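Reviewing the structure listed below.
The values are calculated or read from the model by the stated rules, or taken from the named source; none is laboratory data. Because the structure is predicted, anything quoted here is derived from the model rather than measured. Virtual Cβ from ideal backbone geometry, glycine too; neighbours counted across all protein chains shown. Ligands, DNA and RNA are excluded from the accessible area calculation, which covers all protein heavy atoms including side chains. Shrake-Rupley method; radii C 1.70, N 1.55, O 1.52, S 1.80 Å.
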Amino acid sequence: MYYRFSKFAKTIIIVNVVLTLAVALIHGYNIHRIKESNEKIFNVMQEKKVIRDTAIRMLENEGEELFINQEFTTYFGMCVSIFTLLLLYKYAKSNGFFFGFLVAISSLFTSFVGGLLLFYLILSGKSEIAGKKERFTYKNDWEKYIHKKVILIENTEDKV
């Protein structure tokens, strides 16, 4: 993870990873249910020599629970979850605003709460820890002399 992330930023990124993995697991289970339902429908189509709609109606009349008509949302959700995980990884490595904004938008699709937390993190400016606020101290007279000369040269160039 980026070494200058604040503790708050690290927590939000980890929470988003956990939420995205949970959503991806749910979509993975739904993909499994879609495949099982399609196998059942295909088997009935072969046995009874009927079309798909008739096979679905026959299975539903027998009391089978089929997971159909939700294929697009399931596959879209799985793709967005994988995309969000990749963007979270890239954002955690680089702390770039572009990656942060993209991951916040894609997190809105996976877990709404995670997306809002990321937007808050990016737009609040609380993502990085403050740098060291030490004053520069000179080690010897030579450093003092060079520093004064550089400042003198910079000041004369500004006036010209």
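Mind checking whether some residue in the range 70-80 is open to solvent by less than 30 Å² (accessible area, probe 1.4 Å), part of a loop (DSSP other than H, G, I, E, B) and under 24 Å from residue 31 (Cβ atoms)? Checked against the condition, which is being open to solvent by less than 30 Å² (accessible area, probe 1.4 Å), part of a loop (DSSP other than H, G, I, E, B) and under 24 Å from residue 31 (Cβ atoms), the range 70-80 yields no hits at all. Checked against (1) surrounded by 14 or more Cβ atoms within 10 Å (Cβ to Cβ); (2) without any contact (Cβ under 8 Å) to a residue 40 or more places away in the chain; (3) under 28 Å from residue 115 (Cα atoms), residue 16 passes all but condition (2). Here residue 21 does not fit the description of being assigned to a helix (DSSP H, G or I), open to solvent by 100 Å² or more (accessible area, probe 1.4 Å), at pLDDT 90 or above and closer than 17 Å to residue 84 by Cα. Just checking, which of 25, 66 is under 24 Å from residue 113 (Cβ atoms) and of a type in the set (A, V, I, L, M)? Unique residue meeting the criteria: 25. Total residues in the range 33-69 satisfying the condition of being open to solvent by 80 Å² or more (accessible area, probe 1.4 Å) and among the aromatic types (Phe, Trp, Tyr): the figure is 1.
Inside the range 27-41, can you point out the residues that are touching a helix residue (DSSP H, G or I) at 6+ places or on another chain (Cβ under 8 Å) and within 13 Å of residue 78 (Cβ to Cβ)?
Within the range 27-41, the first condition is being touching a helix residue (DSSP H, G or I) at 6+ places or on another chain (Cβ under 8 Å), and the residues that meet it are 27-28, 30-31, 34, 40-41.
Within the range 27-41, 27, 28, 30, 31, 34 qualify.
Every condition in (1) open to solvent by 20 Å² or more (accessible area, probe 1.4 Å); (2) of a type in the set (Gly, Ala, Ser); (3) in contact (Cβ under 8 Å) with a residue 12 or more places away in the chain holds for residue 125 except the one numbered (3).
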